[in-house]
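Visitor: First, the structure itself, so that you have it in front of you.
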Amino acid sequence: MDSRRLAALARKQRGLFTRAQATACGATTYQIRRRLKIGEWRRVLGPVLAMTDVAFTSEIRDRAAALAVPGSVLAAASAARLLRIPTTDPQTYLWVGEHRPRPLPGVVFVRGRLSTRDVAVGEALRLTRPARTVVDCSLTVDERQGLRLLEQALQVGWITEDELIYRVRGRLGRRGTPGLVRLVRLTASGARSTAERHAIALLKRGRITGWSVNGRIADAVGLIGVGDVVFHAELLIVELDGWAFHATPDRFQRDRSRQNRLVAAGWTVLRFTWWDLTERPDDVIRTIRSTLLRLRARPAP
């Protein structure tokens, strides 16, 4: 057996290899059984084996499933893990088209049509592209998690609102689509983030009026941006950090530069986190109300 060749192949596959690959490297059935028995190799999934130093994680199981079913495509949570799209679903999802491979423990086979435009190659594996992955993941989690995912996907750019609506329309009549339609309606309601919806509910509960959602704000130079909740008459903006917290370094800098322009233009900015909205809502209402009273009491310029 050419052990070096097999070891090099396994390294490219994160320590995994199939029985067929071991055989192609000259391993006999006896040698395979012997190495499994003494613990030099171990079984991972179906015909897929691994060197003993491989940690068995969800990502490794995803890779093993893809190796076990040639021509398959990693989908849903499995594709999300490779794309660094947040997921708490440990399940392995494998698109197999109309084929019916032998069942694999812990692996969900996804059938049906998959456009070649929705397939990418990453780290020597075939997987669904971000837009398709986001939609598929939304179908496998509860509504709260699905809403959080779609909001972050829209903010980060994994999918656009138009593409999301287009894909949902293409699924009409299929299992799980009604729940996905509800999520789309929530994300396209004019208050895109969950935090904004909570803030609106608090404003209504506190009988605070005179605000608008996603209001455009400009200064002498031009458009500064869009405020989450805007009180135009009082020059007050309420900014929210929702589920899809967008504090990447670039976004952090843009937010600070934007806030400086707002303050220079005479605006007052209040910022609340998701924790503020859910754990101390009365304080949020009290702060907004007292700030409005102070601003309304200012002498006219």
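The values are calculated or read from the model by the stated rules, or taken from the named source; none is laboratory data. Note that this is a predicted model, so its numbers are computed, not measured. Because the Cβ atoms are built from the backbone with ideal geometry, glycine has one as well, and the counts that use them run over all protein chains shown. Ligands, DNA and RNA are excluded from the accessible area calculation, which covers all protein heavy atoms including side chains. Shrake-Rupley method; radii C 1.70, N 1.55, O 1.52, S 1.80 Å.
Visitor: Of all residues in region 149-176, which are open to solvent by less than 90 Å² (accessible area, probe 1.4 Å) and among the acidic types (Asp, Glu)?
Guide: Hits for region 149-176 are 151, 161, 163.
Visitor: Right, another one. For region 102-143, name all the residues that are of a type in the set (D, E, K, R) and open to solvent by less than 30 Å² (accessible area, probe 1.4 Å).
Guide: Hits for region 102-143 are 118, 136.
Visitor: In region 127-158, which residues are farther than 21 Å from residue 90 by Cβ and at pLDDT 90 or above?
Guide: Result: 129, 131.
Visitor: If I ask for residues that are surrounded by fewer than 13 Cβ atoms within 10 Å (Cβ to Cβ) and assigned to a helix (DSSP H, G or I), which ones from region 260-276 would you list?
Guide: Within region 260-276, 260, 263, 264, 275 qualify.
Visitor: Moving on. Residue pairs, Cβ under 7 Å, 6 or more apart or interchain, first in region 262-274 and farther than 16 Å from residue 216 by Cα, second open to solvent by less than 30 Å² (accessible area, probe 1.4 Å) and assigned to a helix (DSSP H, G or I). List them.
Guide: 270/288; 270/291; 272/284; 274/195
Visitor: Of the residues 23, 57, 88, which is under 31 Å from the mean Cα position of the chain (by Cα), open to solvent by 70 Å² or more (accessible area, probe 1.4 Å) and hydroxyl-bearing (Ser, Thr, Tyr)?
Guide: 88
Visitor: Any residue that is more than 18 Å from the chain's Cα centre (by Cα) and not polar (S, T, N, Q) - is there at least one of those in region 72-82?
Guide: Within region 72-82, one or more residues are more than 18 Å from the chain's Cα centre (by Cα) and not polar (S, T, N, Q).
Visitor: Let me ask something additional. For region 110-147, how many residues meet the condition of being free of Cβ contacts under 8 Å to residues at least 40 places away in the same chain and closer than 18 Å to residue 70 by Cβ?
Guide: 5
Visitor: Mind checking which residues of region 166-224 are at pLDDT 85 or above, farther than 30 Å from residue 235 by Cα and among the β-branched types (Val, Ile, Thr)?
Guide: Once the filter is applied, which keeps residues that are at pLDDT 85 or above, farther than 30 Å from residue 235 by Cα and among the β-branched types (Val, Ile, Thr), region 166-224 yields only 168.
Visitor: Residue 218 versus (1) of a type outside the set (Asp, Glu); (2) farther than 23 Å from residue 94 by Cα; (3) in contact (Cβ under 8 Å) with a residue 12 or more places away in the chain: which is the lone unmet condition?
Guide: In the conditions (1) of a type outside the set (Asp, Glu); (2) farther than 23 Å from residue 94 by Cα; (3) in contact (Cβ under 8 Å) with a residue 12 or more places away in the chain, residue 218 misses (3) alone.
Visitor: Another question about this same structure. Go through (1) without any contact (Cβ under 8 Å) to a residue 24 or more places away in the chain; (2) open to solvent by 50 Å² or more (accessible area, probe 1.4 Å) one by one and return the number of the condition residue 14 breaks.
Guide: Looking at each condition in turn, residue 14 falls short on (1).
Visitor: Restricting attention to helices (runs of 4 or more DSSP H) lying wholly within region 111-177, give those where 2 or more residues are over 22 Å from residue 62 (Cβ atoms), among the small types (Gly, Ala, Ser) and under 10 Å from the mean Cα position of the chain (by Cα).
Guide: Where helices (runs of 4 or more DSSP H) fall fully within region 111-177, none carries at least 2 residues being over 22 Å from residue 62 (Cβ atoms), among the small types (Gly, Ala, Ser) and under 10 Å from the mean Cα position of the chain (by Cα).
Visitor: Continuing with this model, one more query. I need a count of the residues in region 36-87 that are free of Cβ contacts under 8 Å to residues at least 12 places away in the same chain and in a helix (DSSP H, G or I).
Guide: Counting residues in region 36-87 that are free of Cβ contacts under 8 Å to residues at least 12 places away in the same chain and in a helix (DSSP H, G or I) gives 2.
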